[in-house]
Amino acid sequence: MIALLVGLLSAHAADRVVVHTGDTVEAIAAAAGDPAAAAAIRAENGLADGDQPRPGTILVLPDALSGTARDAAVLSVFGGVHATIPSIGKVAVETSMPLPPESRVCTDVDGYVTIRLAVSEGGGHHDDITLLPGTCLTIEATSARRKGRSSVVALNRGSITVPPLGPGEQRGEITVATEAGVTSAEDGGFRVHVEEAGQRTEALYTGLSVFGEGVELSLRAGQGSRVPLGGAPTSPVDLLGAGTPDAPPNGATLRRPDFSWLRVETALGYQVELARSADFRDMLVLQSVDRPAWEPDRLLLPGDVEGIWWRVATIDRHGFIGIPSKPRRLDLPPGVRP
Amino acid sequence: MVAILLIAAAGPGLASAAEPPDAPSAVVGEVAARLEAGTASTPGHRLGGAAFTLGGRLPSAPIDLGGALSASGGTLGWRVDPRAHMRWWVAQPNVGPSLVFEYGVRAGAGLVEPAGGIGAAWDLALPREDAHHRLRLGGLLQVRGVQPAAGVFTVGWAWGPEPEPPPPPPPPPEPEPEANTFPDDARIWLPHPVCRWVDESELDDVLASLPPDQRAHVHAAAMATLYTDASGLDGAVMEPAPTQGALLVVGQPGDRVRVGEHEVSAGVDGVVQLAIPEGTVEAHVVGGGRETSLLVAISVGHGSWVRVPEPAPTLVDFELGRADISEASRAQLQELVELAGGWRFELQGGFSPEGNRASNIALADRRAEAVRQALIELGLPEAQVAIIPSAVPEDATDAASRRVCTIHPRPAGEDRP
């Protein structure tokens, strides 16, 4: 595994750190391994002597304090996705394509892409992020440290979802910055959406921090919050539970794409997701519907999969999307699967 | 010319000491005719000669050619007549020359001299593994003609080991299985958790670096799909790359779908699945009184589902207080029958709220029955049409719209209400 990833090392190694409430530059320097580097950190980030950054600030660490930078790479693609890569230009995204820092990746209205951000120094642990249709983000930095990983992306528009840590996986910090605020989590399992006047964050499986205007808000698993442009995060909102899937039954062959689930009384709508894998890192379809059923007029699925997984989440009256249901597996009919 | 007819009825064969113990023993039939030429010291008394033999040995050699040298002696009249000759069967290479001794009694002398006797033959083994000695005993009957030439015909049976037939030719060697080779332009993708393209040359090293139970899913890009495990490519099965996509038209039971030259009726799940080359195709769907064309883009190796819109109910208008069908309505019903497919239709008569309710309900039923009769007359099978209770108007806001018979399409096989 180590040998596989050597080729992904980047020459540039500028690590980033999110400032939490109570953090000081001195404490950050000490945590990075050099207490005397506070001045260098201030110089790198344009801070005057004695200044302390506000919570939610993303500091750039000097090279000497940074971990091992690694290029992100495309894990899976479905539909139209393109990237603008420094020194290369705009290209169509392909699986396994390296994405160095400052790469901008955008999905079309039918495109999905999952990007492997940071990978641990020893390999085997990684942070992934999935861009939903109509999304653009810029990869700011991805690096591996001795004690974990760090990835920072700027979400320009659209929505991203970060899968939870798998069994035995080490924590890795993923920070998503929008024009309105910052979302930072160490255990994955969250969504961030760019809205017309701010951002929306949903913590699905573990807690995380949301920042806006120097204010840090901690969200527990199953809570959501908005950050309006120029404002602090709103009070946490409890997310709705998922509607229990009804049809097709688990393990059925997908001939008629007629999906249904039990109604959730206070739901404003539902979001159905189809993916190649049970961890939904290979997203294929995401569709919002206003009733507890989805019968698509058209559906395109790849045949080179061992199965299709689907799940549903509930949308509440505030627009927050809840925790997805347990995934169900479907087999593709012979003839669709080669 | 001396004609000799020799009929040899051989007795049970005796295997020689040199015969292998497991040599096969079989009944051997023998038929032969030979011409002999020789010398004679006295008329009718031939001392020696040479012969050309045409004959056969059953069952191993139905036709054979041979040669013989012979010598005989005896006296005129009723006399003993010992003969000896050697014979070679040239078409049976595993049978050696035979030493034949015959001892008979001849009757008279002249152009025809019938004789009978007994004989014995000693087949000499050739110096080869599949040859062996053989002793034959038998009776003989002969007719001798004028010297020095003689014609001899023999027929008889012998018992003894039959030379083994030559071994069958070895079967052609089975073709060597084709090596599991990659096309030159193949690329191999190792998915999660590796997530990297690798060259074939480094694949084994990569797989060896994975845990022993790690199963890798390997693609040869745009050429084929391979499955292998950490042991490498040995045993990997190459699957042909797909050349078509799948089209799944999601309709209802009773729909008929036509795509190009293919016309298929939907199954019990209402789905028609076809393999289609890449490109845009038009699916033409008929059933339930509706006719729909759907353009679908087919992608190789993908499944493309397209849903057929549900048919809408058909309304047949009636005049106030009347239950007869107009020409316009009949044309409407004609089109419905032509586009019915395998669907069923439920007819629900209606009426406007003016007048007596009981008579209005009877009117609605007559309207439904009139539509039913018209549909059957136009060719719709009777089993596909049924009348359900009439619809009672809830208000009088749109009286005209109630003077109708509503035709509800129902998919084939759907339970009746």
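The values are calculated or read from the model by the stated rules, or taken from the named source; none is laboratory data. All values reported here derive from a predicted model rather than from experimental measurement. Cβ: placed from backbone, ideal geometry, glycine included. Neighbour counts: every protein chain shown. These accessible areas exclude ligands, DNA and RNA; they are computed on the full protein's heavy atoms, side chains included. Shrake-Rupley method; radii C 1.70, N 1.55, O 1.52, S 1.80 Å.
With a 1.4 Å probe on protein heavy atoms only, tell me which residues of the range B:264-296 lose at least 10 Å² of accessible surface in the complex relative to the chain by itself.
With the partner chains in place, the range B:264-296 has these residues losing at least 10 Å²: B:Asp269, B:Val271, B:Gln273, B:Leu295.
Residues of the range A:319-338 losing 40 Å² or more of accessible area relative to the isolated chain, 1.4 Å probe, heavy atoms only?
Residues passing the criterion (a loss of at least 40 Å², heavy atoms only) are A:Val336, A:Pro338.
Assuming R0 = 41 Å, can you tell me the calculated FRET efficiency for the pair A:Lys90 and B:Val268, based on Cβ-Cβ distance, to the nearest 0.05? Intermediate results must be reported in sequence, preceding the final value.
Numbers: r = 49 Å, r/R0 = 1.20.
Computed FRET efficiency for A:Lys90 and B:Val268: 0.25.
Let me check I've understood the local charge: for A:Phe280, count other residues with C-beta under 14 angstrom from its C-beta, Lys and Arg +1, Asp and Glu -1. What total comes out? Intermediate values should be presented prior to the final figure.
Details: positive: A:Arg191, A:Arg276, A:Arg281, A:Arg311, A:Lys326, A:Arg328, A:Arg329; negative: A:Asp128, A:Glu273, A:Asp279, A:Asp282.
It works out to a net charge of +3.
Which of A:Leu229, A:Leu204, A:Leu155 moves the most in a Gaussian network model of chain A with Cα springs under 10 Å?
Largest GNM mean-square fluctuation: A:Leu229.
Expressed in nm to one decimal, what extension gain is obtained for the pair A:Arg291 and A:Asp246 from 0.36 nm per residue of sequence separation less their Cα-Cα distance? Don't jump to the answer; show the numbers that get you there.
On the way: separation 45, 0.36 × 45 = 16.20 nm, distance 1.33 nm.
This chain segment gains 14.9 nm when fully extended.
At the nearest 100 Å², what buried accessible area, both sides summed, do you get for A and B when the probe is 1.4 Å? Working shown, then result.
Details: alone 14880 and 22370 Å², together 34610 Å².
In total, this chain pair buries about 2600 Å².
May I ask you to derive the relative contact order of chain A, considering only C-alpha pairs under 8 Å and at least 6 residues apart, and to give it as an integer percent? Please list the in-between numbers first.
Details: 939 pairs, mean separation 38.0, N = 338.
11 percent.
Springs between alpha-carbon atoms under 10 Å, Gaussian network over chain A: tell me which of A:Arg191, A:Arg291, A:Arg16 tops the mean-square fluctuations.
A:Arg291
In whole percent, what relative contact order does the range A:195-338 give with Cα contacts below 8 Å and a gap of six or more residues? Provide the component values of the computation, followed by the final result.
Details: 340 pairs, mean separation 34.1, N = 144.
Relative contact order, the range A:195-338: 24 percent.
What's the carbon and sulfur percent of the range A:76-194's accessible surface, probe 1.4 angstrom, rounded to a whole number? Let's see the in-between values first.
Details: 2020 of 4010 Å².
Taking all protein chains in place, the range A:76-194 shows 50 percent carbon and sulfur surface.
With the cut-off at 1.5 for a/c, could you classify the range A:240-286 from its C-alpha gyration tensor as rounded, prolate or oblate?
oblate
Per residue, how much accessible area does chain A show when a 1.4 Å probe rolls over the protein heavy atoms, in square angstrom? Write out the running numbers ahead of the final one.
Working: 13540 Å² over 338 residues.
Roughly 40 Å² per residue, with all protein chains present.
State whether the range B:300-389 is rounded, prolate or oblate according to the following rule on the C-alpha gyration tensor (a ≥ b ≥ c being the square roots of its eigenvalues): a/c under 1.5 gives rounded; otherwise a/b larger than b/c gives prolate, and the remaining case gives oblate.
On the way: a/c = 2.68, a/b = 2.16, b/c = 1.24.
Prolate, because a/c is 1.5 or more and a/b exceeds b/c.
Quickly rank A:105-118, A:164-177, A:215-228 as a protection proxy: mean count of other C-beta atoms within 10 Å, highest first.
Numbers: A:105-118: 22.6, A:164-177: 17.6, A:215-228: 20.1.
The densest-packed peptide leads the list: A:105-118, A:215-228, A:164-177.
Mind giving me the nanometre distance, one decimal, between the label points for A:Gln52 and B:Ile376, set 7 Å out from Cα along Cα→Cβ?
Reported label-point gap for A:Gln52 and B:Ile376 is 9.3 nm.
Ignoring ligands, DNA and RNA, please state the percent of accessible area on the range B:239-287 from carbon and sulfur, probe 1.4 Å.
Details: 1120 of 2280 Å².
About 49 percent, which is the carbon plus sulfur part of the accessible surface.
Hey, got the average number of other protein chain Cβ atoms within 10 angstrom for residues in B:297-308?
On the way: counts 2, 1, 4, 2, 6, 6, 13, 5, 11, 5, 8, 1.
If you average over the peptide's residues, the count of other-chain Cβ atoms is 5.
For the range B:254-400, what is the accessible area per residue in Å², given a 1.4 Å probe and the full set of protein chains? If you can, show how the numbers build up before the last one.
Values: 7130 Å² over 147 residues.
Counting only protein heavy atoms, the per-residue value for the range B:254-400 is 48 Å².
Tell me, what is the percent relative contact order of the range B:238-333, built from C-alpha pairs under 8 Å that lie six or more residues apart?
Working: 185 pairs, mean separation 27.2, N = 96.
Reported as a whole number, the value is 28 percent.
Identify which of A:Asp316, A:Asp297, A:Asp34 has the largest mean-square fluctuation in a Gaussian network model of chain A, with springs joining Cα atoms closer than 10 Å.
A:Asp297
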